[in-house]
Each structure stands twice: as structure tokens, then as C-alpha cells.
Amino acid sequence: MADEQAQPQGGGILPDRDIASLFESGAITSGHARDEDQIQPASLDLRLGERAYRVRASFLPGLERTVEEKLERFALHEFSLAEGAVLETGCVYIVPLQERLALPLDVRATANPKSSTGRLDIFTRVLTDRGREFDKVAPGYDGPLYLEISPRTFPVLVRRGSRLSQIRFRRGEAELSGREMEDLHGAHRLTSDEGANITGSGIALSIDLAGDETGLVGYRGKRHTGVVDVDRRGANAVADFWEPIHRSGAGELVLDPDEFYILVSKESVHVPPAYAAEMTPFDPLVGEFRVHYAGFFDPGFGHEAAGGTGARAVLEVRSHEVPFILEDGQIVGRLVYERMASLPDRLYGADLKSNYQAQGLKLSKHFA
């Protein structure tokens, strides 16, 4: 049985102290001093650099090209982020990041949008030179990092140093086997669902369309709004950007194509300190919709020792080409658990004054 205080054996996700060591060894470098809160329990926030490029379309460099070489072909406009700039909806931008990597041969990395980025419907992906996949950094990679940014619902104001994406570093095998996942759930009851649906290293999450005592089940993003400054907390009125959605008598919600919804899982979940988790789409064959962004869940998320008593997963949802009916309790995603290489020094939650500990249905930190 799993013990939350036990040191995981073998490989795993590198914790905060090991990420700091990567800076000290030169495996991570930057032309600017590191932000005090940049290192999270199991990830590193990545910062936008000085310049940005609007490009014709998204691209991957491929094995034979650098990102700079691709920008020479596809960039439409170069501009400065030093004083801030507005990124418009429906456009694609590439921004060199401040952080550069020279990874050891036994360390690889994966990037993801930060929670607040996903809740603003900002589509982001990290690129590397000669990369054939988004958000994946190969072992031993030595080179710059770039961020593709495409706001989908709201125009956003960003600047040098804005943090829209985060990166995790792994050494060896981090994902749990099916048996290890069952043991972990048996020891810690990872979800409030008594009949938890465990498949492989993940646990299924379903949608809550019953809502709270007011009947609120979610929000739909408005079109033609003002600009959201990604670095300002609580600066925007909810009503100016979001339309509340209340439960229907049938417990259903019709997802309209090209609309963006903030919904919440029916289950509350938690992540023990010796583990981390990632939200992934459940199965593209279950319907014409997707949980829009995968997301990282740091050690301590929803965990009692870190100031939580379970927290529900906020879900960013889109339909594809056709309207799709979601029903209350329908499975929409999986929370995949991975072992940490060692316990982090600090946990998500009370230690870090984290924004989304013990959350229910909650918009991003930018809304009052």
C-alpha cells in the first residue's frame, strides 16, 4: 500500500529542489533573474521574452529546421513585449521564452498551459528547435524554448515576463501501473466517487450539471469583450466576460460549436504529496467534444495536509464541428497520476497560497 510520506523509488517527476539544482548546474538558464515564486512543487513557470511574432499559421520545425528558420518564412510581423502588447483572438503568435535548456541525457520535459491560461481559453504550446511534437522536450535537448500563443475567446494583454505555460521534468519512468494506481486509491481514496472508474494509471472524472444550491453549473465565454491583462488579479467583472449557465430540468447541456465553457467535475479529487497528476481527455470516441486543455495538478492539490479537503477539477470544454449534448455524470476526462522522484519541499496549497486549492466551480484569478 502507498504511504504519502514514503520516498518513491526509481524514476519520477523532479520536485522543486531538483528544478532549482537544474538552474545551479546550468541545465536551465535565463538572461533574467529567476522569479521568487517561479518554481512550483513539481513544475517551473516559463516566462515570455522581449519579442513576439505574429505568424501565418501554427507550425512545427521538424528535424531539419530551427524555430528561427521557420519564423523567417512564416512571420508576418515582429513587435516588442517590453511595454506590453495585446494579442488578438483568432491570431497565432510565437514568443521566444526567457528560459533556455541544456538538459542532461537522462532528463526529459513536458510543457502545459498554466491553469489560469486554460481558463482564459488561451491556446499555448511549447516548441523546440528541430522538434516534431509540441510540448515535448527530448532528453539532452540543448537550445531555446518558444511559446505558440493563440487567444480563442478573449483578447489578452501580455508583456515580457508574463507566465502562460509551465514545464515538468522527468527522469526514468514516472507513470504508475494499473496495480499501483489501484493501491494508491485504496490507501488514499483519491476521489469522492465511491465507485471510482480506474483505468491504467488514471481515474475517470465526470461532469457536474446538477450545480450548486443556486443551480449554477458553469459559464460560457462572451464574444467581443474587453481585454484581459494576464498579470492582473481580480481586475475584471465576471458579467463583462461570462454568461452564467444554470441547470436544466433534464440535467443536460448543449455544447454549441466554437463556444467555450467552464464546467466542473462531479467528483472532488486530491493528489498525495509523493505524487503529481495530469488531466487528459478521456477518449475522443465518446463524443464530439473535448476537455480543451490538459493541466498539471501539483503534489498537495486538494490534500488535507496542504489546506484542502478535496478539490474539484475545473474543466475547459469545447464542442467540435457539431452541437453535442452533455449529460450530468458523463465521463469527460481522466486524472493520470505519476510518482515524484522525491517529496517536494513545499506542497500546492497553504504553503504557496495557491489560487485553486479546495476549489469548486471557479473562474481564473483575473475575475473579481
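The values are calculated or read from the model by the stated rules, or taken from the named source; none is laboratory data. Since we're looking at a predicted model, the values are computed, not measured. Cβ placement follows ideal geometry from the backbone for every residue including glycine, while neighbour counts extend to all protein chains displayed. All accessible areas refer to the heavy atoms of the entire protein, side chains included, with ligands and DNA or RNA removed. Shrake-Rupley method; radii C 1.70, N 1.55, O 1.52, S 1.80 Å.
For the stretch 87-98, what does the Karplus curve 6.51 cos²θ - 1.76 cosθ + 1.60, with θ = phi - 60°, yield as ³J(HN,Hα) per residue in whole Hz, taken in order and with x for Gly and Pro?
Whole-Hz 3J(HN,Hα) from phi for the stretch 87-98: 9, 7, 5, x, 9, 10, 10, 10, 10, x, 8, 6.
Based on DSSP H runs of at least 4 residues, each adding -39500 (n - 2.57), what is the mean residue ellipticity at 222 nm of the chain after dividing by all its residues, to the nearest 500 deg cm²/dmol? Kindly include the intermediate steps, with their values, before the conclusion.
Details: 5 runs with 38 residues, N = 368.
Rounded to the nearest 500, it is -2500 deg cm²/dmol.
What residues qualify as long-range amide H neighbours of V228, i.e. H under 5 Å apart, gap of 5 or more or another chain, H built at 1.01 Å from N?
Result for V228 returns V156, L157.
I'd like the distance separating the alpha-carbon centroids of the stretch 4-77 and the stretch 208-287, in whole Å.
28 Å
Using a Förster distance of 25 Å, how high is the FRET efficiency between A368 and E88, based on the Cβ-Cβ distance and rounded to 0.05?
0.55
Which one, L263, H320, F296, projects farthest toward the positive side of the charge dipole computed for the stretch 178-339 from Cβ point charges (K/R +1, D/E -1)?
F296
Which order do the peptides 312-320, 135-143 come out in when sorted by mean C-beta neighbours inside 10 angstrom, highest first?
312-320, 135-143
So what is the accessible area of the chain per residue, in Å², with the probe set to 1.4 Å?
Value returned for the chain: 42 Å² of accessible area per residue.
Under 15 Å from the 7 Å Cα→Cβ point of F123, by amide nitrogen: which residues of the stretch 26-61?
55-60
Along the Cα→Cβ direction, 7 angstrom out, place labels at R56 and R159. What is the inter-label distance in nm?
Distance between the two pseudo-spin positions: 3.4 nm.
Taking a label point 7 Å from the Cα of I325 along the Cα→Cβ vector, which residues of the stretch 230-249 have an amide N closer than 14 Å to it?
Backbone N within reach: 248-249.
Taking the square root of 5 times each eigenvalue of the Cα gyration tensor, what semi-axes in Å does the equivalent ellipsoid of the chain have, largest first?
The answer is 30, 28, 18 Å, longest axis first.
With a 10 Å radius around each residue's Cβ, average the other Cβ atoms per peptide and rank 155-165, 74-84, highest first. Let's see the in-between values first.
Values: 155-165: 20.3, 74-84: 12.6.
Order by mean packing, descending: 155-165, 74-84.
Of the peptides 197-203, 220-226, 111-117, how do they stack up when ordered by the mean number of other Cβ atoms within 10 Å, highest first?
Ranked by mean Cβ neighbours within 10 Å, highest first: 111-117, 197-203, 220-226.
For the pair A33/D256, report the inter-label distance in nm, with labels modelled 7 Å from Cα in the Cβ direction.
Placing both labels 7 Å along Cα→Cβ, they lie 4.9 nm apart.
For K136, list the lysines whose Cα falls under 26 Å from its own Cα; do not include residues on the same chain fewer than 8 positions away.
K70, K114
From the phi angles alone, apply the Karplus equation (6.51, -1.76, 1.60; θ = phi - 60°) to the stretch 199-214 and give each ³J(HN,Hα) in whole Hz, x where the residue is Gly or Pro.
Once rounded to whole Hz, the list reads 10, x, 8, x, 10, 6, 10, 10, 8, 9, 10, 7, x, 8, 5, 8.
Under a point spin-label approximation (7 Å from Cα along Cα-to-Cβ), what is the E24-R65 distance to one decimal in nm?
My value for the distance between the label points is 4.1 nm.
Roughly how many percent of the accessible protein surface of the chain is carbon and sulfur, given a 1.4 Å probe and a whole-percent answer?
Using a 1.4 Å probe with all protein chains present, the chain comes out at 45 percent carbon and sulfur.
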